[in-house]
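Step one of this worksheet: look at the structure below.
The values are calculated or read from the model by the stated rules, or taken from the named source; none is laboratory data. It should be emphasised that the depicted structure is a prediction, and the values quoted were computed from it without experimental measurement. Please note: Cβ atoms are built from the backbone with ideal geometry, for glycine as well, and neighbour counts cover all protein chains shown.
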Amino acid sequence: MKLQATLAALCAAFCLNASAQAPIVIKFSHVVAIDTPKGQAAERFKQLAEKGTNGRVKVELYPNSQLYKDKEELEALQLGAVQMLAPSLAKFGPLGVKEFEAFDLPFIFPSKTALYNVTEGEIGKGLLKKLEGKGITGLAFWDNGFKVMSANKPLRAPADFKGLKMRIQSSKVLDAQMRALGANPQVLAFSEVYQALQTGVVDGTENPPSNMYTQKMHEVQKHVTVSNHGYLGYAVIVNKKFWDGLPPDIRSALDKAMKEATTFEKAIAQRDNDLALEAIKKTGKTAIYTLSVKEQAEWRRLLLPVQKDMEGRIGKDLISAINKEAAK
């Protein structure tokens, strides 16, 4: 009996020690390619997090919808199946935090400076805070860029959209945007867009150039219009229960890693979009057209009323506050 008790105690001590040494695993899932700004920033965060915690944290990256598609990933995070995501901001509307759909409003950000006034200021902090009621902690805003439109016909005037089936994320704002242009919006998961374009399920889509190029959408789209009509960004989020349960020193080290990864991500986002647009042009498969000042003014005239139409959904005061910050 004495020997059994000693063995049991040794086993318990060994198991406890092994458990103490086992790294904390963070499963970080996202839907885009590893060579996009988001994909590269996720890799940078992994490196910084593992180094900053001396290996006490292990970050497992799952890009390209390997684990979950658009609609599934937020539920997986809330259930604790993954610990970290970086979904596009449009994803939070269907979750019930409609204020995030302000980022989808056409022509609400005239520049990156205007955008950062919002995401890095009190408005951005307040929006991330709203996620806590959903069991989510918001860590940072990551940037992608302004969007282009694509189709198999030139898209220069709003009238060119009439009757086209245009893929969108699940967003009431994006739905209203496409309808204002005379198009028929079609909600599809990001991972399904290439095939839908290839088979004609949809006629066109909107994306920052880096997403379009890395998913090879340009191979099945003959025309791209550089319109800069809308913005695509992300929020890096974690499961709140998981985050709150981390040792304070680990949480502090991960916060530091996230800040550094965010600085890196913002630095590469515009560069990658510029390079992607140039790469699409070089293939010779896709004609690229940049709207003139006069043409963009016509798009703006037609799409700005969407902001007014969405006041009841997003909040009149929030839209007004964003416009005020963007004008600084």
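Some notes on this structure:
- Residue in segment 88-98 that is out of contact with any Gly (no Cβ under 6 Å at 6 or more places or on another chain) and over 30 Å from Glu325 (Cα atoms) present: no
- The set of residues from segment 171-187 being more than 19 Å from Phe103 (Cα to Cα) and among the hydrophobic types (A, V, I, L, M, F, W, C) comprises just one member, Ala183.
- Residues that are small (Gly, Ala, Ser), crowded, with 19+ Cβ neighbours inside 10 Å and under 16 Å from Asn207 (Cβ atoms) within segment 246-291 comprise Ala269, Ala276, listed in sequence order.
- Close contacts from segment 238-266, counting a first residue that is over 26 Å from Pro37 (Cβ atoms) and a second that is part of a helix (DSSP H, G or I), with Cβ to Cβ under 8 Å and a gap of 6+ residues or different chains, come to Leu246/Leu254.
- Remark: pairs (first residue in segment 131-144, at negative phi and without any contact (Cβ under 8 Å) to a residue 60 or more places away in the chain; second residue of a type in the set (Val, Ile, Thr) and outside any strand (DSSP E or B); Cβ separation under 8 Å; 6+ apart in sequence or on different chains) = Lys134/Val97.
- For segment 83-118, the candidate set comprises residues that are in contact (Cβ under 8 Å) with a residue 60 or more places away in the chain and among the β-branched types (Val, Ile, Thr); within that set, the residue that is nearest to Arg301 (Cα to Cα) is Ile108.
- The single condition among (1) surrounded by fewer than 19 Cβ atoms within 10 Å (Cβ to Cβ); (2) part of a helix (DSSP H, G or I) that Ala49 does not meet is (1).
- Hits in segment 279-288 - residues which are closer than 14 Å to Lys216 by Cα and in contact with a strand residue (DSSP E or B) (Cβ under 9 Å, 6 or more places away or on another chain): Ile280, Lys281, Thr286
- Matching strands (runs of 3 or more DSSP E) fully within segment 191-285 where at least 1 residues are acidic (Asp, Glu): 204-207
- Enumeration of residues in segment 149-187 that are polar (S, T, N, Q), touching a residue at least 60 places away in the same chain (Cβ under 8 Å) and either more than 19 Å from Tyr231 (Cβ to Cβ) or buried (at least 22 other Cβ atoms within 10 Å of the Cβ) (or both): Ser150, Asn152, Gln169, Ser171, Gln177
- The number of residues in segment 144-167 being closer than 16 Å to Val201 by Cα and touching a Lys or Arg at 6+ places or on another chain (Cβ under 9 Å) comes to 5.
- Residue pairs meeting the criteria (Cβ under 7 Å; at least 6 apart or on separate chains; first acidic (Asp, Glu) and outside any loop (DSSP other than H, G, I, E, B), in segment 304-321; second surrounded by 12 or more Cβ atoms within 10 Å (Cβ to Cβ) and modelled with pLDDT of 95 or more): Asp309/Ala176; Glu311/Ile319
- Within segment 52-70, the set of residues being at negative phi, in contact with a Ser or Thr (Cβ under 7 Å, 6 or more places away or on another chain) and surrounded by fewer than 20 Cβ atoms within 10 Å (Cβ to Cβ) comprises Tyr62, Leu67, Lys69.
- Of everything listed in (1) out of contact with any helix residue (DSSP H, G or I) (no Cβ under 6 Å at 6 or more places or on another chain); (2) at negative phi; (3) touching a residue at least 12 places away in the same chain (Cβ under 8 Å), the single unmet condition for His218 is (1).
Per-residue answers, yes or no, for (1) more than 24 Å from Arg271 (Cα to Cα); (2) over 15 Å from the mean Cα position of the chain (by Cα); (3) surrounded by 16 or more Cβ atoms within 10 Å (Cβ to Cβ):
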residue	(1), (2), (3)
Gly96	yes, yes, no
Glu101	yes, no, yes
Glu120	no, yes, no
Lys125	yes, yes, no
Thr137	yes, yes, yes
Trp142	no, no, yes
Phe146	no, no, yes
